[in-house]
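**Student:** Input: one structure, supplied below.
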Amino acid sequence: MATETATAADVSTEAGNWQAGVAGGLVGGIVFGAMMSMMTPGVLEMGIPAMYGIEGPAGAIGWAIHMSHGAVIGLGFAAIAGLKPDVSESIGTSLGVGAGYGLLVWVALAVIVMPIWLSTVGFPRCAAAPEHRRREPRWPRRLRRRPRRRLHHDHELIPPFTRFVTPAF
């Protein structure tokens, strides 16, 4: 006597969250790369290629590396969003979480990791850590020290515009 058992296999053909994450990372990479191209073009041409030992101006290679970084970062967002499925319930929540993730990635990678990495590989135009310059306090106008007027040798006041002009006698 033979028995037959039917088993069902669930095969999904839909595009997964990881593909959407890669696509989102590429779009974010294009936007961030365009901003860097306008504000600091040397980062894409020199800095990013130097992280991988490529010297000289290499704009196309810098863009390719930057876009691959964007794809991996987008994949990381898809993995994190997959852990908490209620993030994708509304567009506003997804945008808020995505903006927070982007800010966190920027601080971690662009502000902290990249300068350390570039100084490790010997890139000459990079600080070892982010520089924070302390600004001198600006006193209110009534408390500021007024500059002294210069006195001439015979104790006469010299107007400021003639301070460096020698008289012709």
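The values are calculated or read from the model by the stated rules, or taken from the named source; none is laboratory data. What you see is a predicted model, and the numbers here were worked out from it, not measured in a lab. Cβ coordinates were reconstructed from backbone atoms using ideal geometry, including for glycine residues, and neighbour counts include every protein chain displayed.
**Student:** Return the residues of segment 77-107 that are among the small types (Gly, Ala, Ser), under 26 Å from THR40 (Cα atoms) and surrounded by 13 or more Cβ atoms within 10 Å (Cβ to Cβ); say none if nothing qualifies. Quick ask: steps written out before the conclusion?
**Tutor:** To start, the set of residues in segment 77-107 that are among the small types (Gly, Ala, Ser) comprises 78-79, 81-82, 88, 90, 92, 94, 96, 98-100, 102.
Imposing the further condition that a residue be under 26 Å from THR40 (Cα atoms) reduces the set to 98-100, 102.
Residues satisfying the conditions are GLY98, GLY102.
**Student:** Based on what the data block shows, is GLY56 at positive phi, out of contact with any strand residue (DSSP E or B) (no Cβ under 7 Å at 6 or more places or on another chain) and either at pLDDT 60 or above or surrounded by 10 or more Cβ atoms within 10 Å (Cβ to Cβ) (or both)? Working first, answer last.
**Tutor:** Details: at positive phi: yes; out of contact with any strand residue (DSSP E or B) (no Cβ under 7 Å at 6 or more places or on another chain): yes; either at pLDDT 60 or above or surrounded by 10 or more Cβ atoms within 10 Å (Cβ to Cβ) (or both): yes.
So GLY56 fits the description; yes.
**Student:** Between a residue in segment 46-60 that is part of a loop (DSSP other than H, G, I, E, B) and any residue that is loosely packed, with under 14 Cβ neighbours inside 10 Å, which pairs come within a Cβ distance under 7 Å, given they are 6 or more apart or on different chains?
**Tutor:** Taking only residues 6 or more apart or on different chains, the pairs are GLY53/VAL121.
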